[in-house]
Amino acid sequence: MEEMDDDGNSSQDPQHDQALVKVSDHLANVYVDKEAVYKLTEGLLSHYLPGLQNSKRTLQELTQNQLILLDTLDQEVTKFQECNALLDLNSLFTEAKVYHNKLVNIRKEMILVHERTTKLKKRALKLQQHKQKEALEREQQREKELERERQLIAKPAKRP
């Protein structure tokens, strides 16, 4: 099948034949001019490429903005975590203050108990000493009474 050029003339030039490309084997043999394919491709690209490049730039900007938003969200999450940590620290400090007050109260009570036990020990020692003194005095009194009774017992008189 011969192809017609733009003027409607059929080309049988061997150089021109080299510029023709076989498009399909399945259908009828159709030959297309390489230059026409090139120009059509250029036209198609010049028509759609600026829009595609603009879309590509827009998508890149969106991707960049998403990355910035993700970083910002990460920073905000970190701030919230720090706030929660501060709240936890505040509760820990409050709890520590409560326990410190309890320890101070226990210490005061232990000091009071120690003072009381010291006083009680002194008092018990005095009472013990007093009882021992009383027991000693009773024993001495009894011995005196026994001695007196011995002296009061009638003694036979000596005859000269």
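The values are calculated or read from the model by the stated rules, or taken from the named source; none is laboratory data. What you see is a predicted model; the values in this text were computed from it and never measured. Because the Cβ atoms are built from the backbone with ideal geometry, glycine has one as well, and the counts that use them run over all protein chains shown. Side chains included, ligands, DNA and RNA excluded: accessible areas come from the protein's heavy atoms. Shrake-Rupley method; radii C 1.70, N 1.55, O 1.52, S 1.80 Å.
Ligands, DNA and RNA excluded, the heavy atoms of Phe93 present near 140 Å² of accessible surface to a 1.4 Å solvent probe. Using a probe radius of 1.4 angstrom, the carbon and sulfur fraction of the accessible surface of the range 53-97 is 61%.
Charge tally for Lys102 (other residues, Cβ to Cβ under 13 Å; Lys, Arg +1; Asp, Glu -1): +1. The Rg/Rh ratio of the range 84-155, with Rg taken over Cα atoms and Rh as the Kirkwood radius over Cα pairs, comes to 1.72. With both labels modelled 7 Å from their Cα along Cα-to-Cβ, the Lys102 to Ile153 distance reads 7.5 nm. Taking every alpha-carbon pair in the range 34-76 and binning the separations at 5 Å intervals from zero gives 7, 19, 13, 13, 10, 10, 8, 7, 6, 4, 2, 1 percent. Taking a straight Cα-Cα cut-off under 30 Å and skipping sequence neighbours fewer than 8 places away in the same chain, the lysines within cross-link reach of Lys126 are Lys108, Lys144. Going by Cα centres, the range 98-157 and the range 34-67 are how many Å apart? The range 98-157 and the range 34-67 have Cα centres separated by 112 Å. Calculation over all alpha carbon pairs of the range 40-138 in 10 angstrom steps from 0 returns a P(r) of 12, 13, 11, 10, 10, 9, 8, 7, 6, 5, 4, 3, 2, 1, 0 percent.
The modelled label-to-label distance for the pair Leu87/Leu62, using points 7 Å beyond Cα in the direction of Cβ, is 3.6 nm. Computed with a 1.4 Å probe over protein heavy atoms only, the accessible area of Thr94 comes to about 90 Å².
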